[in-house]
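Step one of this worksheet: look at the structure below.
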Amino acid sequence: MGKAFEIVNNDNPSHAFLQESNSKADQKAVITHVEGHADFFQNNNWFRRFSGEESLEAAAMLESHAETVQRYIDDPDIDQEDVEQFIDAILCLEDTIDQHRAMEYDPDDDDTETAEIADRLDQLDLADDVRQEVFDEQWIEQMDEPKSPGASLEQPRTDVLGFLRDRAQTYDPETESTVDMEPWQIEVLDTLRKEAYYFAPQKMTKVMNEGWASIYESLMMSEEGFASENEFLTYADHQSRVLGSPGLNPYKLGKELWEYIENTANRREVVDKLLRVEGITWRNFHDKLDFDRVRSLLEPDPRIDRITPETVDELQTLPDDDPRVDWETLDRALSNPESVDIDQYPWKVLTYEGLASRHFSLVKPQNRGFISQIRHEELEQLDRYLFDSDRYETVEAALEEVSKTAGWERMLEVRESHNDVTFIDEFLSEEFVSTNNYFTYEYTQTTEDFRVASTDPDDVKQKLLLSFTNFGKPTIAVFDDNFKNRGELLLGHRYNGIALDLEQAASVLERVHTLWGRPVNLMTIRKEYEEHELEVARRRNREPEPTEKGVRIRYDGEDVTQTELAEELSERIQAADIDYDTKPDEWLAWCSAYRLLHVELSWAKLISACGFQHPTVSDPVDLPSLFHVLTAFRGDTASLMNPTTAETTTTVRPVDYDLEPEERIRHRGGRSRHLGRRPNWHGLWLWNPRFQSWEDVRHDILLRCL
């Protein structure tokens, strides 16, 4: 078993533990590493899905859970083997939860009364045509109809553990029948399900979290000198082993992706300024500029970069309003040197802006040439959003205006909202894949070994996304709790091209039977290879084409059987061509008009202004487009939809929606700026004075959603 260098709990405040046998260099590395984890825990929204805004005492919770289980193991009235077998059955299903919802969410708990819905609609003061078209009486009555507590083929339940908990039944081997769960079984199930939800955000953000912690650890230990000269080689050796571990390494992938995000944001900031220099265009960018000189001009001021007890007083020669210096701390350090250990903590006399300048990524040796590697396509795109203002006569003047915090600000934005799947999907670009030499490999049926399959960036991204979807585990849902009217449980495997290990699947069904108490079934897709096809593939050095066949595996308490699956059911469990489960329909539907009743007036007006309809009415709604619209306007919604600034009638300009994204903004002709930020198809667009009517807003949204 390997050495446990660090343990840190997602807590508020976080609790970390040091191993006494670690060297001093390792202890320092662990401290800086877990500080990065604690920061990520506190600021990533996926962790709030478990704790909400309440203070989380995870260490106490986990200790209480352990005591609960131990109490039942020690109980003389309960067989220890029964407890262990029950826990084993639950742990086989620990990842079959609805990771996109908070644990407390209950789809059967929407019991809003009709009168309450009508009152909320009256408060919204909607136009009569909108009220009749979207929120008519029939819709209100539908919202008040009782919902079925069970699962169905049309509405499968993804929280399998929660579903089993709701039924609270189990199999009694002595009577060979279904019985209600004992109180201890219900408490153990609740305990382990709660832990599954507690650990879910950590599993969903493993790459981001480890990469973030590694970035912070490296910055503090190496660049800020937290590791002394005698400790640095030990630290560097251990860090290189972690980052150099073979296989899919979340530390390495995460650190490299975070560095890439920082570098690209900083490069975009620098290039934005350079394209404003007289005589420099996107066409002559690479020919006109001396990139070594650009890099030297971006170097931090020596007074900021090299702070020692002997040179700290040089900071006083900077202007009094220099935002990079923490003047209060500097005064204290100069007047009482013992109050601030400048030798150990030189960064304490700097502000956030000063640290960003001190650690600007594009001047680091490993990033030499990153600015010059920018492609003409990106230069042209950046040039499209430049305006006549803020022009510079020289390169020096332009680079003086570069915001050194651009990279860090972008990283902080990404840290807040992404998980591993969206992180990789958004930022794993062709440039990143080729620069870092990523490739895919797979097991080949012809030679019965592993080989490199592709270096194509799209293939690399898809392989990684599939590896992190649902924690890298198969996605299972409850499709029917009364299959064939026999009280049997029907589970379905969301097939995305990766087949299950059928032997393991059968073993899991045996444990599910313990929790369900009746026969259990699992729908999945099996890949079959014909011997003739395998032989032809070997001769031609290619992969054989498998035949995909739907099967239903059934366990009745004694035997495991397989039967062919009906074509309709096979199609129902098939995932889309590209389905990484990042925005499932159930999640998107949360943005329905019914849910809008619980938020501001502006959301409902947005829906009506854009011509979208609620999913419960007869005409289908484009949920992905609706989702992007809602998330695009998740900023200052009150100012976005202020009815006092928007006229209700206007002449609609002809707009061609069939354009490439870069052309769409330009085609509108207005100053299509992002309130001072570069246009971003996934960013925050607030109310802009150029919108003269709701039709303008609608056109703007359509341009972004096509």
* Computed over the Cα atoms of the range 274-336, what is the ratio Rg over Rh, Rh following Kirkwood? -> 1.22
* Based on the Cβ-Cβ distance of S335 and F17, what FRET efficiency does E = 1/(1 + (r/R0)^6) give at R0 = 30 Å, to the nearest 0.05? -> 0.20
* Asked: Could you give the accessible area per residue of the range 305-381, probe 1.4 Å, as a whole number in Å²?
  -> 57
* To do: Quick one: P(r) of the range 456-521 from all Cα-Cα pairs, 10 Å bins, percents rounded to integers, in order of increasing distance.
  => 18, 41, 26, 11, 4
* Structure fact -> accessible surface per residue for the range 438-562, probe 1.4 Å, DNA/RNA/ligands not counted, whole Å² -> 53
* Those GluC sites (Glu not before Pro) in the range 382-469 that DSSP places in a loop and that have at most 14 other beta carbons within 10 Å -> E393, E401, E448
* To do: Figure the gain on full extension for L318 and R241 (residue separation times 0.36 nm, minus the Cα-Cα span) and round it to one decimal in nm.
  => 23.5 nm
* **Distance violations [Cα-Cα > 28 Å] among K252/K273; K463/K549; K404/K461; K473/K527** => K252/K273; K404/K461
* Rounded to the nearest 0.05, what FRET efficiency do Q344 and Q366 have when you use their Cβ-Cβ distance and R0 = 22 Å? -> 0.30
* Structure fact -> Rounded to two decimals, the Rg over Rh value of the range 180-273 from Cα coordinates and the Kirkwood Rh reads 1.23
* Structure fact -> Under Stokes-Einstein, the range 451-490 at 37 °C and 0.692 mPa s, with its Kirkwood radius over C-alpha pairs, diffuses with a coefficient in µm²/s of 253
* Determine the sum of side-chain charges near R451: Lys and Arg each +1, Asp and Glu each -1, restricted to other residues whose C-beta is under 12 angstrom from that of R451. => -3
* Structure fact -> In whole Å, largest first, the alpha carbons of the range 417-546 cover along the principal axes 55, 50, 20
* **Over 26 Å [Cα-Cα, the range 239-362], rounded percent** => 46
* Asked: What's the FRET efficiency of E84 with S228 using the Cβ-Cβ distance as r and R₀ = 51 Å, to the nearest 0.05?
  -> 0.55
* Does the range 346-462 come out rounded, prolate or oblate by the C-alpha gyration tensor, with a ≥ b ≥ c the root eigenvalues, rounded set by a/c under 1.5 and, if not, prolate when a/b is larger than b/c and oblate if not? -> prolate
* Orientation-averaged projected area, Cα convex hull of the range 375-441 (nm²) -> 7.1
* How much length is gained if the chain between R539 and T175 is pulled fully straight, taking 0.36 nm per residue apart and subtracting their Cα-Cα distance, in nm to one decimal? -> 125.3 nm
* Mean projection of the alpha-carbon convex hull of the range 150-197 over all orientations, in nm²? -> 4.1
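The values are calculated or read from the model by the stated rules, or taken from the named source; none is laboratory data. Source: prediction; values computed, not measured. In this analysis, Cβ positions are derived from the backbone assuming ideal geometry, glycine residues included, and neighbour counts consider all displayed protein chains. What goes into the accessible areas is simple: the full protein's heavy atoms, side chains included, and nothing from ligands, DNA or RNA. Shrake-Rupley method; radii C 1.70, N 1.55, O 1.52, S 1.80 Å.
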